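The values are calculated or read from the model by the stated rules, or taken from the named source; none is laboratory data. None of these values were measured; they are calculated from a predicted model. Here the Cβ positions follow ideal geometry from the backbone for every residue, glycine too, while neighbour counts run over all protein chains shown.
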Amino acid sequence: MRNFLYLMTGLLLFSGGLYSQSYGLQFSSHEAIPEKRTSLNLTPGEPLCLKENTQISFDLKFVPGLNAYFGYVIRVITTDNQNIDLVSIDKAGNFNFVIGESFSYAFKIDSSSLFGKWNHCEIRFDKKHQEVIFFLNNRLVTKGKLNFTNTTCCKVFFGTNSQERYKTIDVPPMQLKDVNITDNQKRQYSFQLSETSGNRALDIVEKKVAEIKNPVWIAPRHLNWSQVKTIETTATPSVAFDKKNEILYIISVDTLYRYSFRKNQLSGSKLLESRQVLPAGNQSIYDDNFNRLHNYFIDEKTVSTYDVVENAWKLNFSAKPKLTEFWQANKFISSFDSTLYIIGGYGQLKYKNLVQRFSFRDNTWEVLQTKGDFFMPRYLSALGVNATADTAYIIGGYGSKTGHQTVNPTYNFELMAYSVAGRSFKHIYTFKQPEKEFCFANSLIINSEENQFYGLTFPNDRFNSHLQLIRGSLSTPEYEFLGDSIPYSFHDIESFADLYYCPSSKKLVAVTLVSAINKPTTVKIFTIDFPPNRLNVTQAVNASNKSMFSLLAILFSSILLVLFIFALRNRRKQTLKPDGDMQFPVVPTQTASQSLATEDTSSSHGLYENRTTSCSIFLFGNFEVIDKEGNDITRQFTPLLKEIFLLILINTFKDGKGISSDKLYETIWVDKPIKDARNNFSVNIVKLTDGRLIYVDLKNDGQIMEIDPEFIEIAGQKVAKLNNPAIDYSLLPIYENPKIASSIIGNLMEVSRVHSLKVISSQFLGR
């Protein structure tokens, strides 16, 4: 048991937990005409009959920034014409819980909870005491009398409804997920509302269908960037962001544009006095401490501030500015000393690592002498600051150790921290060299509470490039890509991209600026809801292959379970001690300083030089898999494969039965249609060392049966014909699709090689 606890701890360390995807249903409210408002009907067919202790629960939060918040969250209407309602009253979070016309209880949900997190609501029907009880976040709010019998049933609506006598068009701007109906604590129906499209929601327990009018699905908004605005302007504009008011400023020669993300509205004000020139390489920044907008050109050591009253800039740049030497430099304003910092940049065939500082107090510039670790000259890096703005994090970039473009320029994948007080750089870690190298957009979003950062990456070796959202750790060299990509025309100094965060609207904002000689500059604005969802492998497959790939994913998961179970049994036979304890390889504990010191100078294999077996899985520290020849095959384990492995392992040790295909499907591929899941589940064939063919049925407690099929052809299709009354299938087509299955087959062959097992290469048996 002790070794098992060690093992589980290691799993959690390398996996980082199962990443929680954002999903749910958003309701169109008073901002839309009545015909376009949202309704969720859980009982479009037969009504829900109330039993001894029926419970309806759901998770709820409100959408901020709107005007009207009155409306029905849920309305339960019984067959004997009794109504139970949860009604939102106003923006302040006041609610009424109503039973018929004789009882009403008022309560309030704190705005920070109502708009900032999910609130768990539960309505309980207590037949014995003839009561309806309402709980909020597992705390009793109120109860009231309700007369119901064994024959009392009900209709359940969220939002608007057209039920006779109870029709309503009032719905608050809310979000809903995980609607569950239980009886005596046994889940009867479960509507996760994890769909991505369509007008129906599917219950994952009994496959009951709920109907929805005018749905706004949440999952795609956390996965897909939405282009909200495109602007064309002359010269070379720059951008700045006011995060308190969630306004993006676009600074052009004669106009100041403002895009409000709270109002989804663009406005522009013509300057009373047009700028003489806006030099290429100018940048802008918004000072949140003093609510001021600044535009600066480093090469002239000029910082101009926008005068709101005069609708003009206080300073102009020279009529014939020099070519900048600080393209794509990073910048931030520190509240620690109320000064502007500019770090790095590129120009005149040289990469820079200068730290330049401008004091707003006395209007002076200086180049700071820095201490600490070496900061490689670079550009195309990203910078973000912590909450107190006394520490700046800089990651990535392109440059050279000498600063000269002609002397071995290269990509940089290190994370550095710059201390304002100490005027020093500190190396935190370096990413492993990625298969495809990339650079960064100008800014990082720092989440100190979660010890994470968000940024935008892009390949800089092509014009038709793309921006890809990345999330990484502030302490360990781990990262993952999120959301879909944004098209980005990259032409070095003629392109610019940046990333911002709207704390109130809970959105990430991406901005691209692309200019060309004698052509207007195109500014594009994109948004994605926060937190962003991870882009699964299955979501990257084109529509024609979706069902096939979904089936293959289920089959692969099931085969992996078989391989693991048999390998575990073989390993137990080999390593079982008299006291029955299993031994697992454990990586020796290292201090942070030791790990950092050895990161670049030694191979990770050096940690395991004394191991007695080469076929191993190491779970402490960095996850590592070594095959029987001593080859490191860790890279074969994708993030998705690690997630599958963790689920299978946990459930295998939990009760020895593993995990059902339905559970695996709803956990990992929760956003995929599951109407065919029951038919296309858990048909798996592996070939073991003794040549047997094994049929594994994970839906029925992982039953394993030896089969001896007859292989035939029907209309040119290879088919395995089964004559086994214990198996529901008599004919199993053999699909050969190497293009779709190549990566899966590669993983399977490596796993099977580790455990001296054989699998049927490029052949999958399934219905």
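When LYS426, LYS436, LYS401 are screened for being surrounded by fewer than 15 Cβ atoms within 10 Å (Cβ to Cβ), in contact (Cβ under 8 Å) with a residue 12 or more places away in the chain and among the charged types (D, E, K, R), only LYS436 passes.
Scanning segment 110-129 for residues that are part of a loop (DSSP other than H, G, I, E, B) and either out of contact with any strand residue (DSSP E or B) (no Cβ under 6 Å at 6 or more places or on another chain) or charged (D, E, K, R) (or both) gives ASP110, LYS117, LYS127, LYS128, HIS129. Pairs meeting the criteria (first residue in segment 466-481 and in a loop (DSSP other than H, G, I, E, B), second residue at pLDDT below 95 and surrounded by 17 or more Cβ atoms within 10 Å (Cβ to Cβ), beta carbons under 8 Å, at least 6 apart or on different chains) are lacking. Looking at LYS127, LYS61, just one residue is under 23 Å from PHE261 (Cβ atoms), among the basic types (Lys, Arg) and in the same structural domain as ARG165 (by TED's automatic domain parsing), and that residue is LYS61.
Take the conditions surrounded by fewer than 21 Cβ atoms within 10 Å (Cβ to Cβ), in contact with a Gly (Cβ under 9 Å, 6 or more places away or on another chain) and part of a loop (DSSP other than H, G, I, E, B) and apply them to ASN224. Does it pass? In short, yes. Scanning segment 495-534 for residues that are on the phi > 0 side of the Ramachandran plot and more than 22 Å from the chain's Cα centre (by Cα) yields one hit, ASN518. Could you go through segment 258-268 and let me know if any residue there is within 30 Å of ASP529 (Cβ to Cβ), assigned to a loop (DSSP other than H, G, I, E, B) and among the aromatic types (Phe, Trp, Tyr). Scanning segment 258-268 turns up at least one residue that is within 30 Å of ASP529 (Cβ to Cβ), assigned to a loop (DSSP other than H, G, I, E, B) and among the aromatic types (Phe, Trp, Tyr). Residues in segment 493-533 that are within 23 Å of TYR351 (Cβ to Cβ) and of a type in the set (A, V, I, L, M, F, W, C): ILE493, PHE496, ALA497, LEU499, LEU513, VAL514.
Taken over segment 197-247, the residue count meeting the criterion of being free of Cβ contacts under 8 Å to residues at least 40 places away in the same chain and of a type in the set (Val, Ile, Thr) is 2. Looking across segment 24-61 at every residue that is over 32 Å from the mean Cα position of the chain (by Cα) and in a strand (DSSP E or B), the one that is farthest from LYS117 (Cα to Cα) is identified as CYS49. Among residues that are in the same structural domain as ARG75 (by TED's automatic domain parsing) and out of contact with any strand residue (DSSP E or B) (no Cβ under 7 Å at 6 or more places or on another chain), GLN185 is included. Here TYR286 meets the list (1) in a loop (DSSP other than H, G, I, E, B); (2) under 37 Å from the mean Cα position of the chain (by Cα); (3) farther than 30 Å from PRO409 by Cα almost entirely, failing just condition (1).
May I ask you to verify whether ILE528 is buried (at least 22 other Cβ atoms within 10 Å of the Cβ), under 30 Å from SER111 (Cα atoms), assigned by TED's automatic domain parsing to the domain that holds THR236 and not small (Gly, Ala, Ser)? It would help to see each step written out before you state the result.
On the way: buried (at least 22 other Cβ atoms within 10 Å of the Cβ): yes; under 30 Å from SER111 (Cα atoms): yes; assigned by TED's automatic domain parsing to the domain that holds THR236: yes; not small (Gly, Ala, Ser): yes.
Judged against the criteria, ILE528 is a match.
Within segment 154-164, does at least one residue satisfy the condition of being surrounded by fewer than 16 Cβ atoms within 10 Å (Cβ to Cβ) and not assigned by TED's automatic domain parsing to the domain that holds CYS49? So far as segment 154-164 goes, no, none of its residues is surrounded by fewer than 16 Cβ atoms within 10 Å (Cβ to Cβ) and not assigned by TED's automatic domain parsing to the domain that holds CYS49. When residues in segment 309-357 are screened for being under 25 Å from THR410 (Cα atoms), of a type in the set (Phe, Trp, Tyr) and part of a loop (DSSP other than H, G, I, E, B), 1 of them pass.
Answer with yes or no whether ILE169 is assigned by TED's automatic domain parsing to the domain that holds THR527 and either over 30 Å from the mean Cα position of the chain (by Cα) or surrounded by fewer than 21 Cβ atoms within 10 Å (Cβ to Cβ) (or both).
Answer is no for this residue.
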